[in-house]
Structure formats: structure tokens, C-alpha cells
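Read the figures in this text as sums done on the coordinates, not as results from a lab. Quick caveat: nothing in here was measured; it's all calculated off a predicted structure. Cβ sites come from the backbone with ideal geometry, for glycine too, and all protein chains shown count toward neighbours.
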Amino acid sequence: MTQQFLTYLMNYGTEQDVEIARKYYSDADFEATLDNPAPGVFFREAWIKWNTRYNRAPVPALPKRRIPGVDPNSIPDLFPAKSYRPES
């Protein structure tokens, strides 16, 4: 439940919301959310922001949703992941 909450906070929360949440959740909790993200929830910008904040470079591709019974190779990737490396 913690990771689900933090996933939504990391996408929709303001910096003030995050500051309040940090009183109750550790960096390890935020990093665990990035380690096992819910597919289809993170926006690309938030994914880049949080992975960069925790020094994860290059930023990994966004997690993809899996649909039971559908071969993912049979569906074209309309929004391919772009590699992101922060500027030095």
C-alpha cells in the first residue's frame, strides 16, 4: 500500500506534499517505489525527475503494462522509451 501511495504522490504531489510525506516515509521507501513501479502509472516527466533525484542514470525505461493473453510483441509501441541521461 505504501508503494501505491508514493507512486501517486510522486506523480501528482506538489513539493510541499512530498515534504510532508518525508516526515513519514524514508528515502528507502521512495527508492523501493522506483524499484518496483506500478506499470502505466508514472508519467515520463515524473519518472525522469525521481530517477534523477536518486542518481539513477541512465534513467530506465518506463515499466509497461502486461495484458494477459496478449503477446506484447504483436502490439506496436506507439510511445517508445527514450534514453535519458542528465547533462553533466
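Which FRET efficiency value, to the nearest 0.05, do you get for Tyr8 and Asp35 by plugging their Cβ-Cβ distance into 1/(1 + (r/R0)^6) with R0 = 22 Å? Please list the in-between numbers first.
On the way: r = 17 Å, r/R0 = 0.76.
Calculated transfer efficiency: 0.85.
The length gained by stretching the chain between Arg22 and Asn55 to full extension, at 0.36 nm per residue less their Cα-Cα distance, is 10.1 nm. Exposure proxy shown here: for Tyr25, Tyr12, the number of other Cβ atoms within 10 Å sets the order, fewest to most, as Tyr12, Tyr25. When the chain is described by a simple charge dipole with +1 on each Lys and Arg Cβ and -1 on each Asp and Glu Cβ, the residue from Leu34, Ala21, Gly69 located farthest towards its positive end is Gly69.
For the stretch 2-66, report the % of Cα-Cα distances exceeding 18 Å.
Taking all Cα-Cα pairs of the stretch 2-66, the fraction more than 18 Å apart is 28 percent.
Each residue of the stretch 27-35 is assigned a 3J(HN,Hα), and the resulting list reads 4, 4, 5, 5, 5, 4, 5, 6, 5 Hz, derived from the Karplus form 6.51 cos²θ - 1.76 cosθ + 1.60 (θ = phi - 60°), x at Gly and Pro.
In the stretch 2-66, Cα pairs under 8 Å separated by at least six residues give a relative contact order of 37 percent.
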